[in-house]
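Heads up: the structure comes next, in structure tokens.
The values are calculated or read from the model by the stated rules, or taken from the named source; none is laboratory data. Source: prediction; values computed, not measured. As a convention, Cβ positions derive from the backbone with ideal geometry for all residues, glycine included, and neighbour counts pool all protein chains shown. For accessibility, only protein heavy atoms count, side chains too; no ligands or nucleic acids. Shrake-Rupley method; radii C 1.70, N 1.55, O 1.52, S 1.80 Å.
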Amino acid sequence: MPQNLYIASAEPGSGKSVVVLGIMALLSGYARRVGFFRPLIPAGTERDPVIHLIANRYNLDFPYEAMYGCTGETARELAASGRYSELLKCILDKFKAMEHECDLVLCAGTDITGIASAFEFDFNVDVANNLGCLFMPVVNGHNKVTADIVDAVRVLLESLAERGCDSLATIVNRVATDQVDDVAEQLHRTAPHDVPLYVVPEHAMLGKPTVGEIACTLDARCISGEAESFHREVAHYKVAAMELPNFLDHIEDGSLIITPGDRADIILGSLLSDVSTTYPQIAGLLLTGDLEPAPQVQRLIEGLSKWPVPVLSVATDTYVTAMNVSNVEGAVVPENERKIAVALGIMEAGIDNAELEKRLAVTRPARVTPLMFEYELVQRAKARRKRIVLPEGMDERILRASEILTLRGVVDITLLGNPHDIRQKINTLGLALDEVNIVDPVESDVRRTYAQAYYELRRHKGISKEMAYDAMADVSYYGTMMVHHGDADGMVSGAAHTTQHTIRPAFEIIRTKPGCSIVSSVFLMCLEDRVLVYGDCAVNPNPKAEQLADIAISSAATAQMFGITPRIAMLSYSSGESGKGEAVDKVRNATRIAKQLRPDLKIEGPIQYDAAVDASVAKSKMPDSDVAGQATVFIFPDLNTGNNTYKAVQRSADAVAIGPVLQGLNKPVNDLSRGCTVTDIVNTVAITAIQAQATLESA
């Protein structure tokens, strides 16, 4: 049985919520139903922020009241009246109710404030012992020298041993990046080795409040600004009391400008500095004193309805406002994908997932949820980091996905396009993409080399050298040639281009694998408790029997690549030998060809969808089949059937459809839908990286 886990801070400011987020990601990747529980939450009408974060991020469907024991106020009353055991019983009863519904439960201890931190830590240890959880303390390494961190860990471990606490691991969090190796080395030399010790670095972004967090805390009124701009981190705040020329010299990147609402010069100067290439980009404007800008200035701001800079207004004066802003601390909230990506990235880099899984006795369940599958995609892509080129460097969704992929360390990204324009777009969006490689195909040093290679490949089709050189100015052709030449391991495009624009260069340059007659596609359909493979739903309108057989074999290989045991259903409107007609004969022939080519695969056809997926139907229609009732790979007879079916299942069954994933090419190139989301792009890039890993293995 897997062990439940209790995470608690050893002292204030440890960044426990980041650790909780990272461990929940780990557990959700391997256990089908993970519960989340807090013994105590702060009193008040607002929802506990940690429960809000975890419940939203991991789609937990438990009632809010089921995810905590009681409020801090109730706990104090019970403890003060000598009813401490009653308090523990209250927590235990609600925890056991949660445990009964789950494979395992993750508990997050109380929020240590510093007033009675020693008592609170003792309380958390006591609760963890009574709940029968493994314990994971989080030590605060922020602004501490190495010797102090090591001493704090040593004292903590001695204390836990005295209390008979079963520890899973100890996390030392928020350690300065340049200290991480030194802290890890000294802990390894001095601390007991029976419990793992992990050192997680500080990341500046996590400690910075966003404009939105400041607006919420100060109850500010929004005058203008796009919704996404409220996720900008505030690195500094500047009180504008000088004349504009002098003030401009003090602006820094990420500054929140605090100024009275009647300072038209500061307001307009700050807005202009945000788009200027000669001044830093500000985080936002905070107008004080409940003063309205002059009507003419208001009209200017109203005309900037899509201006990315948030402009806020508060009633307090400038001094009080500045003091209030200085007291706002950064937090990780479910709406801020950037901070979540940072938190997950540093946790995944700092801990040993395999070691924790083993100590928790987590076994992989037979059923796979969409969350588990997406988690596994990212982990596999990270394991052997690949280089992925994204030709659509000016698309906002591509840039936001690139930031998430970079912050989590999933792949190395190359963006194609004009570097100046892309950097300006990145700055406007306030993204952290300084390390991303940006290449302009038009000005590239290797454009002529690529053009010559393309000419050699296509000269038999009448392509001239001049035409080849012109083709390399196109981002899709240039990106495909990067993959062909080994300057990138895979390409993902299609957010702003048609499928034909994305895959035609791949057909011409990368071409099909030996023994494969056709390039096809599959969708990975993540249902509530399993992942199915649907092909071909995006590329081939009406494949012949030989091509259909190739699609089945390619789809089986794709399924195996992503850990799905292929049991292939060749779909038709009839099952077995009952049906007649040209369409069913094509499927029957395709099944025969596929079995001849790959006798090791389990293939059934023709077969109807219900007989392929439903065991009770299969028992009556095809009782002797190894595939019927348990198919995992579904091959549709034509594009019309496949495309409509995947969309019907996606919408009606609330399934997550990942794809289309192209298969049959020598190297991975994948197409996006023009309606794709940032999450779709992240998943597709991870899939492309995994395909690149497999391509390297088979080379």
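Results, tabulated for the structure shown:
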read-out: Residue in region 459-471 that is free of Cβ contacts under 8 Å to residues at least 12 places away in the same chain and within 28 Å of the chain's Cα centre (by Cα) present; value: no
read-out: Test set (1) outside any helix (DSSP H, G or I); (2) open to solvent by less than 50 Å² (accessible area, probe 1.4 Å); (3) farther than 18 Å from Val125 by Cα - Glu46 fails condition number; value: (2)
read-out: Elements of type strands (runs of 3 or more DSSP E) in region 590-699, at least 3 residues being more than 24 Å from the chain's Cα centre (by Cα); value: 602-607, 633-635
read-out: Residues that are open to solvent by less than 10 Å² (accessible area, probe 1.4 Å), more than 24 Å from Ser620 (Cβ to Cβ) and outside any loop (DSSP other than H, G, I, E, B), drawn from region 536-577; value: Leu548, Ala549, Ile551, Ala552, Ser555, Ala556, Thr558, Ala559
read-out: Within region 406-431, tally of residues that are of a type in the set (Gly, Ala, Ser) and surrounded by 23 or more Cβ atoms within 10 Å (Cβ to Cβ); value: 1
read-out: Cys102 vs. criteria under 30 Å from Ala361 (Cβ atoms), in a loop (DSSP other than H, G, I, E, B), open to solvent by less than 30 Å² (accessible area, probe 1.4 Å) and of a type outside the set (Phe, Trp, Tyr); value: yes
read-out: Region 605-622 residues that are open to solvent by less than 30 Å² (accessible area, probe 1.4 Å) and at pLDDT below 90, paired with ones that are in a helix (DSSP H, G or I) and charged (D, E, K, R) (beta carbon under 6 Å, 6 or more apart); value: none
read-out: For Val211: the one exception among (1) closer than 27 Å to Glu335 by Cα; (2) open to solvent by 40 Å² or more (accessible area, probe 1.4 Å); (3) touching a His at 6+ places or on another chain (Cβ under 9 Å); value: (2)
read-out: Members of region 384-418 that are assigned to a helix (DSSP H, G or I), under 20 Å from Gly350 (Cβ atoms) and over 16 Å from the mean Cα position of the chain (by Cα); value: none
read-out: So Leu197, is it touching a helix residue (DSSP H, G or I) at 6+ places or on another chain (Cβ under 8 Å) and modelled with pLDDT under 90; value: no
read-out: Residue within region 397-405 that is modelled with pLDDT of 90 or more, closer than 17 Å to Val483 by Cβ and open to solvent by 40 Å² or more (accessible area, probe 1.4 Å) present; value: no
read-out: In region 472-504, residue farthest from Arg447 (Cα to Cα) [restricted to those that are without any contact (Cβ under 8 Å) to a residue 40 or more places away in the chain and surrounded by 15 or more Cβ atoms within 10 Å (Cβ to Cβ)]; value: His501
read-out: Filter pass, Ser444 being of a type in the set (S, T, N, Q), closer than 30 Å to Gly284 by Cα and open to solvent by less than 30 Å² (accessible area, probe 1.4 Å); value: no
read-out: Within region 505-521, tally of residues that are surrounded by fewer than 22 Cβ atoms within 10 Å (Cβ to Cβ), closer than 18 Å to Gln547 by Cα and not aromatic (Phe, Trp, Tyr); value: 8
read-out: Selection within region 148-164 - in contact (Cβ under 8 Å) with a residue 12 or more places away in the chain and over 25 Å from Lys89 (Cα atoms); value: Ile149, Val150, Ala152, Val153, Arg154, Leu156, Leu157
read-out: Any hit, region 115-129, residues being surrounded by 15 or more Cβ atoms within 10 Å (Cβ to Cβ), touching a Pro at 6+ places or on another chain (Cβ under 8 Å) and under 21 Å from Asn353 (Cβ atoms); value: no
read-out: Exclusive hit being at pLDDT 90 or above, among the hydroxyl-bearing types (Ser, Thr, Tyr) and farther than 30 Å from Arg57 by Cα, set Thr695, Thr645, Thr632, Thr641; value: Thr641
read-out: Candidate set from region 134-145 (those that are touching a strand residue (DSSP E or B) at 6+ places or on another chain (Cβ under 9 Å) and open to solvent by 10 Å² or more (accessible area, probe 1.4 Å)); member that is nearest to Pro12 (Cα to Cα); value: Asn140
read-out: Residues satisfying the stated conditions in region 406-422, i.e. of a type in the set (A, V, I, L, M) and closer than 25 Å to His484 by Cβ; value: Val410, Val411, Ile413, Leu415, Leu416, Ile422
read-out: Of all residues in region 578-604 being in contact with a Ser or Thr (Cβ under 9 Å, 6 or more places away or on another chain) and among the hydrophobic types (A, V, I, L, M, F, W, C), the one that is most open to solvent (accessible area, probe 1.4 Å); value: Ala583
read-out: Selection from region 489-509 of residues that are farther than 13 Å from Tyr450 by Cα and either in contact with a Cys (Cβ under 9 Å, 6 or more places away or on another chain) or of a type in the set (A, V, I, L, M) (or both); value: Met491, Val492, Gly494, Ala495, Ala496, Ile503, Ala506
read-out: Some residue of region 448-457 being open to solvent by 30 Å² or more (accessible area, probe 1.4 Å), part of a loop (DSSP other than H, G, I, E, B) and either of a type in the set (Asp, Glu) or modelled with pLDDT of 95 or more (or both); value: no
read-out: Near pairs, Cβ below 8 angstrom, 6+ apart or cross-chain, from region 419-438 (closer than 20 Å to Ala204 by Cβ and in a helix (DSSP H, G or I)) to any residue that is among the aliphatic types (A, V, I, L, M) and modelled with pLDDT of 85 or more; value: Ile426/Leu399; Ile426/Leu433; Leu429/Leu399
read-out: Number of positions in region 539-586 that are touching a residue at least 40 places away in the same chain (Cβ under 8 Å), aliphatic (A, V, I, L, M) and out of contact with any helix residue (DSSP H, G or I) (no Cβ under 7 Å at 6 or more places or on another chain); value: 7
read-out: Cβ-Cβ under 8 Å pairs, at least 6 apart or on other chains, region 512-528 side within 11 Å of Asn666 (Cα to Cα), far side among the small types (Gly, Ala, Ser) and not in a strand (DSSP E or B); value: Thr512/Gly664; Lys513/Gly664; Cys516/Ser554; Cys516/Gly664; Val519/Ala506; Val519/Gly664
read-out: Region 120-157, subset in a helix (DSSP H, G or I) and among the small types (Gly, Ala, Ser), residue farthest from Tyr198 (Cα to Cα); value: Ala128
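Condition check ((1) of a type in the set (D, E, K, R); (2) surrounded by 23 or more Cβ atoms within 10 Å (Cβ to Cβ); (3) assigned to a helix (DSSP H, G or I)) across all residues:
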site: Val19; (1), (2), (3): no, yes, yes
site: Leu27; (1), (2), (3): no, yes, yes
site: Cys70; (1), (2), (3): no, no, no
site: Leu78; (1), (2), (3): no, no, yes
